[in-house]
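Asks: This is the structure I want to talk about, given as structure tokens.
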Amino acid sequence: MRSQVVKVLLAGRLPYGVGLRLQKALANRHHQHTDETANTLVLLEHEPVYTVGIRDKRYTEKDESKLRSFGAEFWRTNRGGLITFHGPGQLVAYPVLDLKQFHTSIRWYVQQVERMVIRVCAEFGIKAETSPDTGVWVGDRKICAIGIHGSRYITTHGLALNCNTDLKWFDHIVPCGIEGKGVTSISRELDMNVTFLDVLPIFRNAFSDQFECELIEYPLGEASQLLRDARRST
């Protein structure tokens, strides 16, 4: 029996800052216990962007300028993890959940996310696994980056699964700060083009099964208003 309901918000392709504001608005509803409060799974692609986590102090303004020169944005964030890239061809998922309604453990939550991504990969015939390093891997190649933030058991940030991402973007960084390891995508592993839209239904099913929840669509009018508000500059 699936006791929890999670609303799915398909946000399209967004600049990273818009995605941050969208997450903040959804998390604030939980913290403020408004009438609109809902566990939400935001699914989107980002415009090209490099992001660093809260502990990653190594990237100087010079490094930032260099990365921006390749045509990507650069953001310092409050998520866990080190530097990574987000861009077209990557399924980015931001579950904004109240873990008190699931299991009050951040470690449990991260493990559930990892297992869910491994299930998605298995559906495509790809053997993925965890390692002592963060994320989900195929051998020594990372296929999915994970970086989360929890505040009073409300989750933000999430995961980025490479579908048919242009992996050359990763050549400019040491992905997630891990030397000697590479990145891969579902498309590269299968030697065929697998898009965000191809992966989306499989991802949704895996999320529903792993978190034992029912996924329903966000009401169109409310989703449109959230996205309009998030697009407004702060």
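Asks: Does Glu189 meet the test of being open to solvent by 10 Å² or more (accessible area, probe 1.4 Å), over 18 Å from Ala11 (Cα atoms) and either in a helix (DSSP H, G or I) or aromatic (Phe, Trp, Tyr) (or both)? Spell out the reasoning first.
Replies: Details: open to solvent by 10 Å² or more (accessible area, probe 1.4 Å): yes; over 18 Å from Ala11 (Cα atoms): yes; either in a helix (DSSP H, G or I) or aromatic (Phe, Trp, Tyr) (or both): yes.
Taking the combined requirement at face value, the residue satisfies it.
Asks: Right, here's the next one. What tally of residues in the range 106-127 results from selecting those that are open to solvent by less than 30 Å² (accessible area, probe 1.4 Å) and more than 25 Å from Phe196 (Cβ to Cβ)? Before the answer, list the steps.
Replies: Kept after step one, since they are open to solvent by less than 30 Å² (accessible area, probe 1.4 Å), are these residues of the range 106-127: 109, 112-113, 116-117, 120-121, 126.
Retained after the next criterion (residues that are more than 25 Å from Phe196 (Cβ to Cβ)): none.
Matching residues across the range 106-127 total 0.
Asks: Further question on the same structure: Can you name every residue in the range 199-219 that is of a type in the set (A, V, I, L, M), buried (at least 18 other Cβ atoms within 10 Å of the Cβ) and part of a strand (DSSP E or B)?
Replies: none
Asks: Under the condition of being among the β-branched types (Val, Ile, Thr) and assigned to a loop (DSSP other than H, G, I, E, B), which residue from the range 128-167 is surrounded by the fewest Cβ atoms within 10 Å (Cβ to Cβ)? Outline the logic, then answer.
Replies: Of the range 128-167, the ones among the β-branched types (Val, Ile, Thr) are 130, 134, 136, 138, 143, 146, 148, 154-156, 165.
Right, trim to assigned to a loop (DSSP other than H, G, I, E, B) and you get 130, 134, 165.
On the way: Thr130: 16, Thr134: 23, Thr165: 26.
Restricting to residues being among the β-branched types (Val, Ile, Thr) and assigned to a loop (DSSP other than H, G, I, E, B), the top hit is Thr130.
Asks: Among the residues of the range 37-49 satisfying the criterion of being over 22 Å from Pro201 (Cβ atoms) and touching a Phe, Trp or Tyr at 6+ places or on another chain (Cβ under 9 Å), which is least open to solvent (accessible area, probe 1.4 Å)? Please lay out each step first, then the result.
Replies: Here is the first cut: in the range 37-49, the ones over 22 Å from Pro201 (Cβ atoms) are 37, 47-49.
This time we only want the ones that are touching a Phe, Trp or Tyr at 6+ places or on another chain (Cβ under 9 Å), so: 47-49.
Numbers: Glu47: 73, Pro48: 28, Val49: 0 Å².
This residue is Val49.
Asks: While we're on this one: Filter the range 26-36 down to the residues that are surrounded by fewer than 21 Cβ atoms within 10 Å (Cβ to Cβ) and touching a residue at least 60 places away in the same chain (Cβ under 8 Å), then identify the one that is nearest to Glu73 (Cα to Cα).
Replies: First, the residues of the range 26-36 that are surrounded by fewer than 21 Cβ atoms within 10 Å (Cβ to Cβ): 28-29, 31-36.
Restricting the remaining residues to those that are touching a residue at least 60 places away in the same chain (Cβ under 8 Å) gives 31, 36.
Values: His31: 29, Glu36: 32 Å.
Of everything passing the filter in the range 26-36, His31 is nearest to Glu73 (Cα to Cα).
Asks: A follow-up question, please. Given the conditions (1) within 25 Å of Asp209 (Cβ to Cβ); (2) within 18 Å of the chain's Cα centre (by Cα); (3) of a type in the set (Val, Ile, Thr), report the number of the one that Thr104 does not fulfil.
Replies: (2)
Asks: Does the range 84-127 hold any residues that are in a strand (DSSP E or B), of a type in the set (A, V, I, L, M, F, W, C) and closer than 20 Å to Thr165 by Cα, and which are they?
Replies: In the first step, residues of the range 84-127 are kept if they are in a strand (DSSP E or B); the result is 84-86, 90-96, 98.
Among the residues that remain, those that are also of a type in the set (A, V, I, L, M, F, W, C) are: 85, 91-93, 96.
Listed by number, the residues that qualify are Phe85, Leu91, Val92, Ala93.
Asks: What number of residues within the range 4-25 are within 17 Å of Thr77 (Cα to Cα), in contact with a His (Cβ under 9 Å, 6 or more places away or on another chain) and not aliphatic (A, V, I, L, M)?
Replies: The qualifying residues number 4.
The values are calculated or read from the model by the stated rules, or taken from the named source; none is laboratory data. None of these values were measured; they are calculated from a predicted model. For neighbour counting, all protein chains shown are included, and Cβ atoms are generated from backbone atoms with ideal geometry for every residue, glycine included. For accessibility, only protein heavy atoms count, side chains too; no ligands or nucleic acids. Shrake-Rupley method; radii C 1.70, N 1.55, O 1.52, S 1.80 Å.
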